[in-house]
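Everything below concerns the one structure shown next.
The values are calculated or read from the model by the stated rules, or taken from the named source; none is laboratory data. All values derive from a computational prediction rather than experimental measurement. Here Cβ is always computed from backbone atoms with ideal geometry, including for glycine, and neighbour counts include all displayed protein chains. With ligands, DNA and RNA removed, areas are computed over all heavy atoms of the protein, side chains included. Shrake-Rupley method; radii C 1.70, N 1.55, O 1.52, S 1.80 Å.
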Amino acid sequence: MRLTCAIIDDEPLAVSLLESYVLKTPFLDLRGTYNSALDALTDLRDRPVDLLFLDIQMPELSGLEFSRILNADTRVIFTTAFDQYAVDSYRVNALDYLLKPIRYPDFLASANKAARWYELLRKPEASEAKEGSAPPVAEKGELESIFVKSEYKLLQIELRKIVYIEGLKDYVKIFVEDEPRPVLSLMSMKSLEDMLPSDRFVRVHRSFIVQPEKIKVIERNRIVFGKEYIPISDNYKQRFLEMLERRSILPK
């Protein structure tokens, strides 16, 4: 699968660097380079691309402002020299965020993330097109790992190693077996919950998702993981109890 793409950056050297990266990435098809968002406005409105490498700090119309008026089917990877824009980039639903100076391995990781996103998007369409095939039910049950962005890196986390997840306003902390610290990622609990297979993970509180097979002790309406106590709230208690019944031999 090939992805069409474009580059917008007011620095000619930055455009040249990104163009060289695109040209040596086999699945990317460069459709245009621009030195301002205004220059790209008409082209990208009439001929939208799959993927846009977009600088943030530009005169007249910033990358953040431009991203809000883009075709909804175009995914954005922001490129900038200023890390203070990281939170803003996620708020406009950017696919990724690259901090200058951009190395090719980081560029390739972001491009691969875009390719995976489009593969998941187009897979149901391809399946439905086959005669006699039923639309797939989001193949989350087949997932073995997920990729999350943490500190400008894309990390792969095996689902079987996730113990529990804690939500902290705009961030989540993913607690992984054998890791000294949790993985901190800028995303909502809802988006992560939607990504995870519902037969393997259960939400027990507005701030906590657990993997039932990792539970060893439940004490006084709390799940115990070592020295940590995860509360089970009333809003999520019923589903959690139903999960327990399927996995337990309990007196009626």
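Treating only the Cβ atoms of Lys and Arg (+1) and Asp and Glu (-1) as charged, compute the dipole magnitude of segment 1-79 about its Cα centre; round to the nearest 20 debye.
340
Whose amide H sits under 5 Å from the amide H of ASP29, counting only residues 5 or more places off or on another chain, with H placed in the peptide plane?
Those lying under 5 Å, H to H, from ASP29 are LEU3, THR4, CYS5.
On a full-extension model of 0.36 nm per residue, what is the gain between GLU193 and GLU213, subtracting their alpha-carbon distance, rounded to one decimal in nm?
5.5 nm
Of GLU177, GLU245, which has the most accessible area with a 1.4 Å probe, and how do the rest follow in descending order?
Largest to smallest exposure gives the sequence GLU245, GLU177.
May I ask you to derive the FRET efficiency for ASN71 and LEU13 from their Cβ-Cβ distance with R0 = 25 Å, giving the value to the nearest 0.05?
0.35
Taking square-rooted eigenvalues a ≥ b ≥ c of the alpha carbon gyration tensor, is segment 6-64 rounded, prolate or oblate, where a/c under 1.5 means rounded and, failing that, a/b exceeding b/c means prolate?
Because a/c hits 1.5 or more and a/b fails to exceed b/c, segment 6-64 counts as oblate.
How large is the translational diffusion coefficient of segment 177-252 in µm² per second when you combine the Kirkwood radius over alpha carbon pairs with Stokes-Einstein at 37 °C and 0.692 mPa s?
Result for D is 241 µm²/s.
In terms of solvent-accessible area of protein heavy atoms at a 1.4 angstrom probe, what is the ranking of LYS227, LYS173, LYS149, highest value first?
LYS227, LYS173, LYS149
With every atom except the alpha carbons ignored, what do you get for Rg and Dmax of segment 145-200, in angstroms?
Using the Cα atoms of segment 145-200, the pair Rg, Dmax is 10.5, 30 Å.
Quote the FRET efficiency, to the nearest 0.05, computed for LYS24 versus LEU168 with a Förster distance R0 of 45 Å and r equal to the Cβ-Cβ distance.
Using R0 = 45 Å, I get an efficiency of 0.70.
Which value, in Å² and to the nearest 10, is the accessible area of VAL15 when all protein chains are kept and the probe is 1.4 Å?
10
If GLU60, GLU213 are ordered by their accessible area, calculated over protein heavy atoms with a 1.4 Å probe, which sequence runs from highest to lowest?
GLU60, GLU213
Would you mind computing, in nm to one decimal, how far apart the modelled labels at ARG246 and ASP234 are, each placed 7 Å from Cα along Cα→Cβ?
Label at ARG246, label at ASP234, 2.6 nm between them.
Enter the Cα centre distance for the pair segment 45-83 and segment 210-251, rounded to the nearest angstrom.
If we compute the Cα centre of each part, the gap is 44 Å.
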